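Since the structure comes first, as structure tokens, the remarks are kept for the end.
The values are calculated or read from the model by the stated rules, or taken from the named source; none is laboratory data. Just so it is clear, the structure is predicted and the values come from calculations on it, not from any experiment. Cβ sites come from the backbone with ideal geometry, for glycine too, and all protein chains shown count toward neighbours.
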Amino acid sequence: MRALLSSLSVRVLAALALGLAAGAAAEVWGIPGGTGTTGMIDAVGNLWLNALRMTIVPLVFALLVVGIASISDAAHTGRLARRALIWFGVLISAATVYAVLAAYGLLALWPIDAEGGARLLAGIPPSPDNIGAAAPFSEFVKTIAPANVVRAAAEDAILGLVVFAVFFGFALTRLPDRLKLPLVTLFEAVSEAMIVVVRWVLLAAPVGVFALAMGVGLTAGVAAAGTLAHYVAIVSLSVIGMTLLCYPLAMVFGRVGLAGFARAVAPAQVVAVSTQSSLASLPVMVERAVDDLGVTRPTAGLVLPLAVALFRMTSPVANLAVVIYCAHLFGLEPSLGQIGAAMLTAILISIGSVGLPGQISFFASIAPICIAMGVPLEMLPLLLAVEVIPDIFRTVGNVTADLTVTRIVSQGEATTPT
């Protein structure tokens, strides 16, 4: 499946380039059929986007319920697992704060080119909903607990839906097994079914991205490529910064030397770059944690698989960077309440999206955050096409964070490496 998705990433990237080139050529020399043809191309792109959007609510809700149940099961496995979960929560929360500061800081230092951004936006389909207006903080507080969950789902009031899913998931953990297990199995089945649907939709991604990119190319021409390259750089730099912060975290809280930690994580980072999979990097991480970081094998055997299963430190960093970039691109100024909603959503969504392939988690993770911040979703298909590049840095960051937290959690029983 990973090989299939890697091949899909290449084909989607190629479709983006071909669509932009075809649109730029059509802008200069015209297009057969005129407005009728462009209207059909826009319809194909919108159809594909809507097919993805229809999976967001059931997928996110089911993933969160199953994720909460998994955390509860892990917390009952012992003191070491509970300590690991506490560190996961602390580091994810800190990473979320960093994400907002880094994204806004990078865009202040290196802003989006106004002309290129305007031309790129002119080529995408307009948002059908007026969701860009900033809401006061009092409105944000009201959305935390939805009065009607069904209406919240229908109206894309994603924060309230996410909060309800979290409470529902924790409530399930208090039920006896005879009641809890069938419900968890049900939602696991729902999430797996939605993932299958998303995979089917993604099989048509080259066609959908080509159609959307051609519409952009008709308006923006080659200027769109420059804006997309700028987007890749901003998101990648945000994640790289978080990865680099893991080194002083390991030094201070893990009490390990910088050189020793760098030697330990390097082999796992190489595997992460080549596979773009934290799971594929797990054997190397266990080996390096035991041999180079002085972690006992039982501790590494518990904490690292738990980290791979439940902990993705770069998720809120990269996802918030994407959403904040889109907000700047659309010229939006989210309110404090919307930023808070996006941060809370990013933390909670990171629980459920762990372990999903990059193309699937891109929409499952970022679309709810966009909705929470009041950012239209229409840019996401184009950004999916270039996600293959930031995804490499995401995986490297996750592997580095997994080894960092393992060393930190192991304090008290590990020997300090030289």
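For residues that are in contact with a Leu (Cβ under 9 Å, 6 or more places away or on another chain) and of a type outside the set (Phe, Trp, Tyr), scanning just segment 310-326, find the one that is nearest to LEU244 (Cα to Cα).
First, the residues of segment 310-326 that are in contact with a Leu (Cβ under 9 Å, 6 or more places away or on another chain): 310-311, 313, 321-322, 324-326.
From what's left, of a type outside the set (Phe, Trp, Tyr): 310, 313, 321-322, 324, 326.
Details: LEU310: 21, MET313: 12, ALA321: 17, VAL322: 20, ILE324: 21, CYS326: 25 Å.
Applying the filter and picking the extreme gives MET313.
Evaluate segment 144-158: report whether one residue or more is modelled with pLDDT of 75 or more and either more than 23 Å from the chain's Cα centre (by Cα) or of a type outside the set (Ser, Thr, Tyr) (or both).
no
Between a residue in segment 378-403 that is free of Cβ contacts under 8 Å to residues at least 40 places away in the same chain and any residue that is of a type in the set (Lys, Arg) and assigned to a loop (DSSP other than H, G, I, E, B), which pairs come within a Cβ distance under 7 Å, given they are 6 or more apart or on different chains?
Partner pairs satisfying both residue conditions: none exist.
Those residues that are over 21 Å from PRO368 (Cβ atoms) and not in a loop (DSSP other than H, G, I, E, B), I need them from segment 172-183; list them, please.
Of all residues in segment 172-183, those over 21 Å from PRO368 (Cβ atoms) come to 173-183.
Within segment 172-183, THR173, ASP177, ARG178, LEU179, LYS180, LEU181, PRO182, LEU183 meet the criteria.
Of all residues in segment 231-248, which are within 18 Å of ARG394 (Cα to Cα) and either out of contact with any Gly (no Cβ under 8 Å at 6 or more places or on another chain) or not in a helix (DSSP H, G or I) (or both)?
First, pick out the residues of segment 231-248 that are within 18 Å of ARG394 (Cα to Cα): 231-247.
Scanning segment 231-248 gives TYR231, VAL232, ALA233, ILE234, VAL235, SER236, LEU237, SER238, GLY241, LEU244, LEU245, TYR247.
Return the only residue of ARG199, ARG255, ARG174 being at positive phi and of a type outside the set (S, T, N, Q). Write out each step before concluding.
Values: ARG199 fails: at positive phi; ARG174 fails: at positive phi.
After applying the criteria, what remains is ARG255.
Going residue by residue through segment 267-284, is there one that turns out to be assigned to a helix (DSSP H, G or I), over 30 Å from ARG119 (Cα atoms) and touching a Phe, Trp or Tyr at 6+ places or on another chain (Cβ under 8 Å)? Reasoning before the result, please.
In the first step, residues of segment 267-284 are kept if they are assigned to a helix (DSSP H, G or I); the result is 267-275, 282-284.
Next cut, over 30 Å from ARG119 (Cα atoms) only: 267-275, 282-284.
Add one more test, that the residue is touching a Phe, Trp or Tyr at 6+ places or on another chain (Cβ under 8 Å), and what stays is none.
No, segment 267-284 contains no residue that is assigned to a helix (DSSP H, G or I), over 30 Å from ARG119 (Cα atoms) and touching a Phe, Trp or Tyr at 6+ places or on another chain (Cβ under 8 Å).
When residues of segment 203-236 are filtered for being among the aromatic types (Phe, Trp, Tyr) and at pLDDT below 85, how many remain?
Let us first name the residues in segment 203-236 that are among the aromatic types (Phe, Trp, Tyr), namely 210, 231.
Of the ones still in play, those that are also at pLDDT below 85 are 210.
Adding up the residues that qualify gives 1.
Among (1) under 28 Å from ASN50 (Cβ atoms); (2) at pLDDT below 90; (3) assigned to a helix (DSSP H, G or I), there is one condition TYR325 misses while meeting the rest; what is its number?
So TYR325 meets the others, but not (2).
Quick one: what pairs do we get from segment 262-278, first residue without any contact (Cβ under 8 Å) to a residue 24 or more places away in the chain, second assigned to a helix (DSSP H, G or I), C-beta under 9 Å, 6+ apart or different chains?
ALA262/TYR247; ALA266/ARG288; PRO267/VAL284; PRO267/MET285; PRO267/GLU287; PRO267/ARG288; VAL270/VAL284
If you check VAL65 against the conditions, is it crowded, with 21+ Cβ neighbours inside 10 Å and either more than 23 Å from the chain's Cα centre (by Cα) or modelled with pLDDT of 80 or more (or both)?
Numbers: crowded, with 21+ Cβ neighbours inside 10 Å: yes; either more than 23 Å from the chain's Cα centre (by Cα) or modelled with pLDDT of 80 or more (or both): yes.
Judged against the criteria, VAL65 is a match.
Would you please list the contacts, defined by Cβ atoms under 8 Å and residues six or more apart or on different chains, that run from a residue in segment 237-250 that is more than 15 Å from ASP402 (Cα to Cα) to a residue that is β-branched (Val, Ile, Thr)?
Sorted first by the residue in segment 237-250, then by its partner, the pairs are SER238/VAL317.
Would you pick out the residues in segment 348-359 that are at pLDDT 65 or above and either over 21 Å from ILE71 (Cβ atoms) or under 9 Å from the mean Cα position of the chain (by Cα) (or both)? Show your work before the answer.
Filtering segment 348-359 for residues at pLDDT 65 or above gives 348-352.
Selection gives ILE349, SER350.
May I ask you to list the residues in segment 49-71 that are among the aliphatic types (A, V, I, L, M), under 28 Å from PRO206 (Cα atoms) and assigned to a helix (DSSP H, G or I)? Outline the logic, then answer.
Narrowing segment 49-71 to residues among the aliphatic types (A, V, I, L, M): 49, 51-52, 54, 56-57, 59-60, 62-66, 68-69, 71.
Restricting the remaining residues to those that are under 28 Å from PRO206 (Cα atoms) gives 49, 51-52, 54, 56-57, 59-60, 62-63.
Those that are among the aliphatic types (A, V, I, L, M), under 28 Å from PRO206 (Cα atoms) and assigned to a helix (DSSP H, G or I): LEU49, ALA51, LEU52, ILE56, VAL57, LEU59, VAL60, ALA62, LEU63.
Limited to segment 276-316, what total is found for residues that are loosely packed, with under 15 Cβ neighbours inside 10 Å and under 25 Å from the mean Cα position of the chain (by Cα)?
2
Hey, does segment 242-262 have a residue that's within 26 Å of ARG79 (Cα to Cα), buried (at least 23 other Cβ atoms within 10 Å of the Cβ) and of a type in the set (Val, Ile, Thr)?
The answer is yes, given that some residue of segment 242-262 is within 26 Å of ARG79 (Cα to Cα), buried (at least 23 other Cβ atoms within 10 Å of the Cβ) and of a type in the set (Val, Ile, Thr).
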